[in-house]
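The values are calculated or read from the model by the stated rules, or taken from the named source; none is laboratory data. As the structure is a computational prediction, the values presented were derived from the model and not from experiment. Virtual Cβ from ideal backbone geometry, glycine too; neighbours counted across all protein chains shown.
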Amino acid sequence: MVDDSLNRTGASLLIEALQKNGINNIYGIVGIPVTDLARLAELRGMKYYGFRREDAAVDAAAAAGFLTQKPGVGLTVSAPGFLNGLTALAQATKNCFPLIMISGSSERHIIDLAQGDYEGMDQYNRAKPFCKKAYRVDRAQDIGTAVARAVRTAVSGRPGGVYLDLPADTISQFDTETDQKDMGIYKVVDPAPKQEPSDEAVSRAVDIIKNAKKPLIILGKGAAYDRTEKQVQELVNKTDIPFLPMSMAKGVVPDNDPHSAAAARSLSLKNADVVILIGARLNWMLSYGDAPEFNPNAKFIQLDIDATQFDSSQKISAPLQGDLQSILAKLVPALTATGYKASSDWLDAIKADTEKNDAKFAKRISAGETNPEFGYYGAIEPINEYFQKHPDTYLVSEGANTLDIGRDMIGMQLPRHRLDTGTWGVMGVGMGYAIATAIETGKHVVALDGDSAFGFDGMETETMCRYHLPITVVIINNGGIYNGVSNPVPNQLGPTTLDPTARYELMAKAFGGDYYFVSNYEEMKATFAKAVDSGRPNIINVQIAPSMGKESGHIGNLNPTLNLKPL
Ligand code: ADP
Ligand code: MG
């Protein structure tokens, strides 16, 4: 046992360095060698949140990073804990969420001679391909530098995940080297320096937009992360350029703004002659910018902090490199000074298509309310109604059909109020994201999950209940991955089949939360607002017909299909 009353162990230096940098929450799972580190963090005034699986803890830290623009901190034990956290570290990096994953580890000399330590593994080298950068801190006296590097790497340039390897020795080591008064612990100065594009780059973009007949803005989660809402709203309002929000950019401009092209997505992509990407990538979610989804003659303008993103799949005619706020601070006045307005023909075409699609959608919703076969539309409409009345509620969503239909149905009015499966379209992030969102914002959170998605991290129900968080988990249960009715071999459960009669809500009961079971629209309508308003942790198990839901949701085109016949 080390006497830490002098505040000079590696552990206390680490805690002090995190606090100096404005980080006060740790999401993790303890065990050898980080248990006392977490206890000491609590004693020093930090908040420690203990999870049940490391991926959920590190996902939580990533969500905290997205919401606060400061790196979230995830803490794990060595090898298996580290590996469980690694998927979340990789996801955060893909999503451009700032995160520091700290894992306890073994001393270098044991690892390098492969002597077989308890949970021994070369974590530092294993982590490297899955994050922006990995650092290893072998001496307590270097903790200040290590945290400074980790913080700066996570938030500067394109944000992402950082791995910090913390050997057991470093945790309990006394720093005897540095002067007692200055132990190398400091607050990083300007961790994410502003970067402005050149005037030339700005006028290149303005010249292209000025001549656009059918311009379109695509907003990505970078725009949400960088808090560009005021600037983007000014851009849209002054130029009348329609916008299309990617799912996590919903609310940067309110979904009910008349410039939204969301309901005319296909038409606007297919016809736009100038596409302005603001913190969005031309990846699989945007069909790489290719025809036929996009106009083959479209010109692309891209605003991004990472210059290597430009030309990833289309020629970028006007790349604007910098942080989005600095770019928009130059671009918006330069463009509005020209008096440019998008043509009314273009806006009318989008409006007409929107009205047509909205009418179709309204039919589906009203059918969902009355259809005796209870499905997604009937289940989700009460959620949308609630969000229109209470826009300052947070939504976390995952699942295939649940995610897709919920994204289209639930209008968001405020930025950064929606977190979902992100760039990888990954399942199992819902509970971690929801828990961190409740903690970081202090607001009510709705976690809208498919039954399969919930299965990946359902045990975090205990975490949500233990901390008495105001989270309503809605599980849309159609008894399967995609749905629960495909059985290629008679009398055998199919690979996508789960239990359609599962009483998921009783998991909340087990841990002292509230629990609801609904199986029709009226019940959902009567239950949902009550459940959220209670401010208590709860699960609503929404049993819909197992036949509801398409294979792979809206991305069935990505799923190779075979001619499935018995031999
Ligand atoms: P979406 O999935 O919503 O389309 P992506 O995650 O694909 O969004 O794209 C986000 C983009 O935003 C990334 O290319 C990233 O480099 C960029 N980005 C993130 N933060 C900033 C920032 N502060 N300033 C500029 N660009 C940013
Ligand atoms: Mg399902």
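Table for the structure above
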quantity: Residue that is away from ligand 1 (no atom under 13 Å from the Cβ), basic (Lys, Arg) and free of Cβ contacts under 8 Å to residues at least 12 places away in the same chain, where the choices are Lys214, Lys230; calculated: Lys230
quantity: Pairs where the first residue, in the range 403-424, is in a loop (DSSP other than H, G, I, E, B) and the second is of a type in the set (Phe, Trp, Tyr), C-beta under 6 Å, 6+ apart; calculated: Ile410/Phe387; His417/Tyr394
quantity: Count - residues of the range 390-402 that are part of a loop (DSSP other than H, G, I, E, B) and among the polar types (S, T, N, Q); calculated: 1
quantity: Residues of the range 42-62 that turn out to be in contact with a Phe, Trp or Tyr (Cβ under 9 Å, 6 or more places away or on another chain) and not in a loop (DSSP other than H, G, I, E, B), as a count; calculated: 13
quantity: First in the range 260-280 and farther than 15 Å from Asp290 by Cβ, second anywhere and assigned to a helix (DSSP H, G or I) and among the polar types (S, T, N, Q), Cβ under 7 Å, 6 or more apart; calculated: Ala261/Ser268; Ala263/Thr354; Ala263/Asn357; Ala264/Thr354; Ala264/Asn357
quantity: Subset of the range 287-308 that is among the hydrophobic types (A, V, I, L, M, F, W, C) and over 27 Å from Lys194 (Cβ atoms) - its residue that is farthest from ligand 1 (Cβ to nearest atom); calculated: Ala291
quantity: Condition check for Leu331: within 29 Å of the chain's Cα centre (by Cα), of a type in the set (A, V, I, L, M, F, W, C) and under 22 Å from Ile209 (Cβ atoms); calculated: yes
quantity: Matching residues in the range 236-254 - criterion: being more than 16 Å from ligand 1 (Cβ to nearest atom), of a type in the set (Val, Ile, Thr) and part of a loop (DSSP other than H, G, I, E, B); calculated: Ile241
quantity: Listing of strands (runs of 3 or more DSSP E) fully contained in the range 255-332 that carry 3 or more residues being crowded, with 17+ Cβ neighbours inside 10 Å and in contact with a helix residue (DSSP H, G or I) (Cβ under 6 Å, 6 or more places away or on another chain); calculated: 299-304, 316-321
quantity: Search result, residues across the range 370-405 that are within 16 Å of ligand 1 (Cβ to nearest atom), closer than 20 Å to Ala531 by Cα and not charged (D, E, K, R); calculated: Leu395, Val396, Ser397
quantity: Subset of the range 162-185 (residues that are hydroxyl-bearing (Ser, Thr, Tyr) and either modelled with pLDDT of 95 or more or touching a His at 6+ places or on another chain (Cβ under 8 Å) (or both)); calculated: Tyr163, Thr170
quantity: Flag for Thr87 being under 18 Å from Ile32 (Cβ atoms), at pLDDT 95 or above and more than 15 Å from ligand 1 (Cβ to nearest atom); calculated: no
quantity: So Ile217, is it part of a strand (DSSP E or B) and more than 16 Å from ligand 2 (Cβ to nearest atom); calculated: yes
quantity: Yes/no for Ala38 being assigned to a helix (DSSP H, G or I) and surrounded by fewer than 24 Cβ atoms within 10 Å (Cβ to Cβ); calculated: yes
quantity: Residue that is surrounded by the most Cβ atoms within 10 Å (Cβ to Cβ), among those in the range 333-364 that are out of contact with any strand residue (DSSP E or B) (no Cβ under 7 Å at 6 or more places or on another chain) and outside any helix (DSSP H, G or I); calculated: Tyr340
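Residues checked against (1) surrounded by 23 or more Cβ atoms within 10 Å (Cβ to Cβ); (2) at pLDDT below 90:
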position: Gly484; (1), (2): yes, yes
position: Pro490; (1), (2): no, yes
position: Ala510; (1), (2): no, no
position: Asn520; (1), (2): no, no
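This table checks each residue for (1) of a type in the set (S, T, N, Q); (2) out of contact with any helix residue (DSSP H, G or I) (no Cβ under 9 Å at 6 or more places or on another chain); (3) not in a helix (DSSP H, G or I).
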residue: Asn7; (1), (2), (3): yes, no, yes
residue: Ala11; (1), (2), (3): no, no, no
residue: Glu16; (1), (2), (3): no, no, no
residue: Ile23; (1), (2), (3): no, no, yes
residue: Val30; (1), (2), (3): no, no, yes
residue: Pro33; (1), (2), (3): no, no, yes
residue: Val73; (1), (2), (3): no, no, yes
